[in-house]
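Chemist: Here it is: the structure, laid out below.
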Amino acid sequence: MPASAKPGARPPTRGWTFLTNHAHVLLAIARDPTVRLRDVAASVGITERAAQGIVADLEAAGYLRRTRVGRRNQYTVDPTGHFRHPAEANRQIGDLLDLFTRRSDRPGPAQPRPEPPTGG
């Protein structure tokens, strides 16, 4: 009997997330502009080589700039870049950066969730 057919077993889930690896890498760099790609790769769950390729993509598209500082790289993210998909092309990536770096990464009390509007 497969594990998923056992009583009380959870059905298998497909491995997907709402954000792409490109978004995860960009967010990791936005949180720490001097982060090593080895650490970015570990936090995202990809290889260092994949992280290098994603950074190259983001740099070529103008979303970030890499500057050599001694033996390390320092990254500058351009929050005015627009999303690439036509459905979100009118939005800037700064909106995403704010969402994921402003509230959850700053110390202090959690931000309350706004109440949904009531009909009527």
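The values are calculated or read from the model by the stated rules, or taken from the named source; none is laboratory data. Keep in mind it's a predicted model, so treat the numbers as computed, not measured. Ideal geometry is used to build each Cβ from the backbone, glycine not excepted, and the neighbour counts take in all protein chains shown. Surface areas here come from the heavy atoms of the whole protein model, side chains and all, with no ligands, DNA or RNA. Shrake-Rupley method; radii C 1.70, N 1.55, O 1.52, S 1.80 Å.
Chemist: Could you list all residues from the stretch 38-57 that are crowded, with 19+ Cβ neighbours inside 10 Å, farther than 14 Å from Leu19 by Cβ and in contact (Cβ under 8 Å) with a residue 24 or more places away in the chain?
Modeler: Listed by number, the residues that qualify are Ala51, Val55.
Chemist: Among the residues of the stretch 58-87 satisfying the criterion of being open to solvent by 80 Å² or more (accessible area, probe 1.4 Å) and in a loop (DSSP other than H, G, I, E, B), which is farthest from Ala28 (Cα to Cα)?
Modeler: Top of the filtered list is Pro86.
Chemist: I've got another one for you. All but one of (1) touching a His at 6+ places or on another chain (Cβ under 9 Å); (2) not in a helix (DSSP H, G or I) hold for Leu19, so report the exception by its number.
Modeler: It is condition (1) that Leu19 fails.
Chemist: So which pairs qualify, if the first residue must be in the stretch 83-96 and more than 11 Å from Ala23 (Cβ to Cβ), the second must be outside any loop (DSSP other than H, G, I, E, B) and open to solvent by less than 70 Å² (accessible area, probe 1.4 Å), the Cβ gap must be under 7 Å, and the two must be at least 6 apart or on different chains?
Modeler: Every condition considered, no pair remains.
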